[in-house]
1. Residues being of a type in the set (D, E, K, R) and in contact with a Leu (Cβ under 9 Å, 6 or more places away or on another chain): count how many of those fall in the range 70-102.
2. What are the residues in the range 109-158 that are among the aliphatic types (A, V, I, L, M) and exposed (fewer than 15 other Cβ atoms within 10 Å of the Cβ), if any?
3. What are the pairs, 6+ residues apart or on separate chains, where a residue within the range 137-154 that is closer than 14 Å to residue 113 by Cβ has its Cβ under 6 Å from a residue that is aliphatic (A, V, I, L, M)?
4. List the pairs whose first member sits in the range 111-131 and is free of Cβ contacts under 8 Å to residues at least 40 places away in the same chain, whose second member is of a type in the set (Phe, Trp, Tyr), and whose Cβ atoms are under 6 Å apart, counting only residues at least 6 apart or on separate chains?
5. Out of curiosity, is residue 48 more than 22 Å from residue 120 (Cβ to Cβ), free of Cβ contacts under 8 Å to residues at least 12 places away in the same chain and of a type outside the set (D, E, K, R)?
6. Are any residues in the range 137-166 closer than 20 Å to residue 51 by Cβ and in contact with a Phe, Trp or Tyr (Cβ under 8 Å, 6 or more places away or on another chain), and if so, which ones?
7. Can you name the strands (runs of 3 or more DSSP E) wholly within the range 1-93 that have at least 3 residues being under 26 Å from residue 106 (Cβ atoms) and open to solvent by 30 Å² or more (accessible area, probe 1.4 Å)?
8. Pick from the range 94-117 the residues that are outside any helix (DSSP H, G or I) and of a type in the set (Val, Ile, Thr): which of them is nearest to residue 128 (Cα to Cα)?
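The values are calculated or read from the model by the stated rules, or taken from the named source; none is laboratory data. Just so you know, these numbers come straight off a predicted model, no measurement behind them. Cβ placement follows ideal geometry from the backbone for every residue including glycine, while neighbour counts extend to all protein chains displayed. Just so you know, the surface numbers come from the protein's heavy atoms only, side chains and all, with ligands and any DNA or RNA stripped out. Shrake-Rupley method; radii C 1.70, N 1.55, O 1.52, S 1.80 Å.
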Amino acid sequence: QCQAVPGDYFECGVNRGGSALFTARVMEGSGKTLHLFDTFSGMPTTDPVHDMHLDGNFSDCSLEEVKSYVGHEESVVFHPGLMPATFAGLEDASIAFAYVDVDIYRSTLDCLEFIYPRMSTGAVLLLDDYLRSTCPGAREAVDEYFKDKKEIPLMISSLQAVVFKL
């Protein structure tokens, strides 16, 4: 659906690269770039008020392992480090699809603040863990961000939410 929408694809929160590999395969031949953002060294500092995850969770894979698994070097760009700093240089980006799976409040809000204004009309934003009880900060950040937007996150049965940019 997003291949006809202007812009590239963004994935925030890559972990081992399963969804990144899937996305890279789906977009083959589209001429689009898949930008992957993650620390590739585990969860950043978390906030016990909003988050259940702990600093360092998901530290059991490396950037090199994920690069090897995902492949598609011609259309995938890795941005290792902490968001929002890793968005630097992409201020003029146009985004057709974004998948945000960062699990915690601050990172989710940072992603939304950067990505959403750059999404093209018709673009799709998939928000992982929106209804997952172990990620209350993710839902808090989404609800806070969209409270004054015309678009409304739609809950789907996979415990995710999806937003279509109008």
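1. 1
2. 152, 154, 155, 156, listed by residue number.
3. 141/109; 142/127; 145/112
4. Sorted first by the residue in the range 111-131, then by its partner, the pairs are 112/145; 114/87; 126/99.
5. Considered against the rule, which asks whether it is more than 22 Å from residue 120 (Cβ to Cβ), free of Cβ contacts under 8 Å to residues at least 12 places away in the same chain and of a type outside the set (D, E, K, R), residue 48 comes out as yes.
6. 137, 138, 139, 140, 141, 142, 145, 153, 159, 160, 161
7. 76-80
8. It comes out as 100.
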